[in-house]
1. Tell me which of these residue 327 doesn't satisfy, since it passes every other one: (1) over 27 Å from residue 154 (Cα atoms); (2) within 13 Å of the chain's Cα centre (by Cα).
2. So, residue 243, is that one surrounded by fewer than 24 Cβ atoms within 10 Å (Cβ to Cβ) and over 15 Å from residue 337 (Cβ atoms) or not?
3. Answer yes if at least one residue in region 29-43 is of a type in the set (Ser, Thr, Tyr), modelled with pLDDT under 90 and in a helix (DSSP H, G or I), and no otherwise.
4. Does residue 287 satisfy the criteria of being crowded, with 23+ Cβ neighbours inside 10 Å and more than 15 Å from residue 388 (Cα to Cα)?
5. Of the conditions (1) at pLDDT 90 or above; (2) closer than 24 Å to residue 267 by Cβ; (3) under 17 Å from the mean Cα position of the chain (by Cα), residue 138 fails just one. Which one is it?
6. Find all pairs meeting these conditions: Cβ atoms under 9 angstrom apart; at least six residues apart or on different chains; first residue within region 347-375 and over 15 Å from residue 97 (Cβ atoms) and among the polar types (S, T, N, Q); second residue in a helix (DSSP H, G or I) and at pLDDT 85 or above.
7. Here are some conditions: (1) among the hydrophobic types (A, V, I, L, M, F, W, C); (2) part of a helix (DSSP H, G or I); (3) closer than 30 Å to residue 476 by Cβ. Residue 15 meets all but one. Which one does it not meet?
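The values are calculated or read from the model by the stated rules, or taken from the named source; none is laboratory data. Bear in mind the structure is a predicted one, so any value in this text is a computation, not a measurement. Ideal geometry is used to build each Cβ from the backbone, glycine not excepted, and the neighbour counts take in all protein chains shown.
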Amino acid sequence: MIEHFPVLIIAVGLLGAFFTPIIGLIRKELCSPWASLITLLQFLISIFLLYQVLAAGNISYWLGGWQPPWGIEYAIDILNAFVLVLVAGVCFSVSIYAKKSLGFEVPGKELPLYTLYILLSTGMLGIVVTGDIFNLYVFLEIGSLAAYALIAVGDRQSLMASFNYMIMGTISASFILLGIGYLYVMTGTLNMADLSERLPELYGRPVILVALALLVVGLSIKTALFPLHTWLPDAYTHAPSAVSAMLAGTFTKVGIYALIRVMFTVISPEYVIETVPVMNILSWVAAAGIVAGSVLAIAQYDIKRMLAYSSVSQIGYIILGVSMANKLAMTGGILHILSHSLMKVGLFMVAGAIIYRTGIRNIYQLKGMGKKMPFTMAAFVIGALSMIGIPPTIGFASKFYLAWGALEAENWVFVAVILLSSLLTAVYFWRIFENVYFGVHEHEEIKKDEVPLSMLLPILIFAAITLLLGLFASLPIGVIEHWVTGVLP
């Protein structure tokens, strides 16, 4: 069975989603532990796959025994094994947190929500594990459709937020499918490894340039890269808090993974760096997004909306590191996928905990919350400090590598952008610190009132991991550098 783990990580999820409604009909309360069990199995399989890749090299699994490029291949190297562990770990953790959170925010809708939750998790894992570019599109649509539905069950404005996201997602999917179609017409194959071998002799053809442009724009919409981010603030703000946490920690990161995979595996790094200035364009767009996202976050009063615009800025960091395309910056960009996922999941969980306990969303109404929810707000401070880039958090490590990469490239503008954005990040988080710890509450006596342990424990775990990985950043950096060294010239 071990040799079939690459396909089992998907099969477990699809079967789990299929049986969720049946389990819910037997007893609705079993849906939450069932979703946790399925995502736990996926997490354990992903850990084994990462271990296997590090110990024995890349994994190639042929579905149905059909040899690629005729059959669909699941190809796992260090990069997607790393992303698999991250995505599956976040999905499992949020599934534990979601039981109380979803029960409070969207009571009575648990049965369809957990089915969609497992489908979203499985769709994202499928995007990461597949070695077939059309299969990537299929899983992207599975995940997207589940995300639209999950967002739509939030507050009163969630339906419009979901509709806007669906419109943008449909445009994105159309671009991606057209780009894949052009590549298939020119090469006759959909296997990523096979495409990488056949495309170099066609790089002079305009159709390849069109396909590249379609794929880059389509995936940039999925990743919410500025200025194609317009769907994200409303989606994250109005979705249930557990859904916001999961999407912020995983879905945009999977889109970034797909963009990296297309740019540096399917299409050669030399083509996107030297022949066509794709990386140069993306780097300036990302730099603009870093500053714009931070400025827009400062203007927000709703804590979830502030975190949503913060995500736009942080996505810019990742794309900036990837698009600078030197080894230090690329390492920093991929490390920031990890750090931002950990930070933002924890922060959205805290926002959900505050809503669960008090119903407050306005950051200026959080006075005295440091005494009322001391452990929850301490976790928030750790996540926020990591977002700013204060040592010894994981956020400092990733930003340090990004700045170091910009210095190596002698691009002083990007160094200034990273420093400026860190200061702006400190500004919008300081408002919360000030109200939580130094604001005078309207009531004299504030009683300690933390959220249930099933919500508090994941929050504290993410805060602890943010600190531990900052102290032992060499562990993920070593894994990432191994892949980067083999890809960049």
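1. (2)
2. no
3. First pass over region 29-43, keeping only residues of a type in the set (Ser, Thr, Tyr): 32, 36, 39.
Narrowing further to those that are modelled with pLDDT under 90: 32.
Still in the list and also in a helix (DSSP H, G or I): 32.
Within region 29-43 (the criterion being of a type in the set (Ser, Thr, Tyr), modelled with pLDDT under 90 and in a helix (DSSP H, G or I)), the answer is yes, since at least one residue qualifies.
4. Details: crowded, with 23+ Cβ neighbours inside 10 Å: yes; more than 15 Å from residue 388 (Cα to Cα): yes.
The answer is yes for residue 287.
5. Status for residue 138: all satisfied but (3).
6. 362/303
7. (3)
Conditions tested, residue by residue: (1) touching a Gly at 6+ places or on another chain (Cβ under 7 Å); (2) buried (at least 23 other Cβ atoms within 10 Å of the Cβ); (3) modelled with pLDDT of 90 or more.
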{"position": "312", "(1), (2), (3)": "yes, yes, yes"}
{"position": "326", "(1), (2), (3)": "yes, no, no"}
{"position": "336", "(1), (2), (3)": "yes, yes, yes"}
{"position": "357", "(1), (2), (3)": "no, no, no"}
{"position": "383", "(1), (2), (3)": "yes, yes, yes"}
{"position": "390", "(1), (2), (3)": "no, no, no"}
{"position": "395", "(1), (2), (3)": "yes, yes, no"}
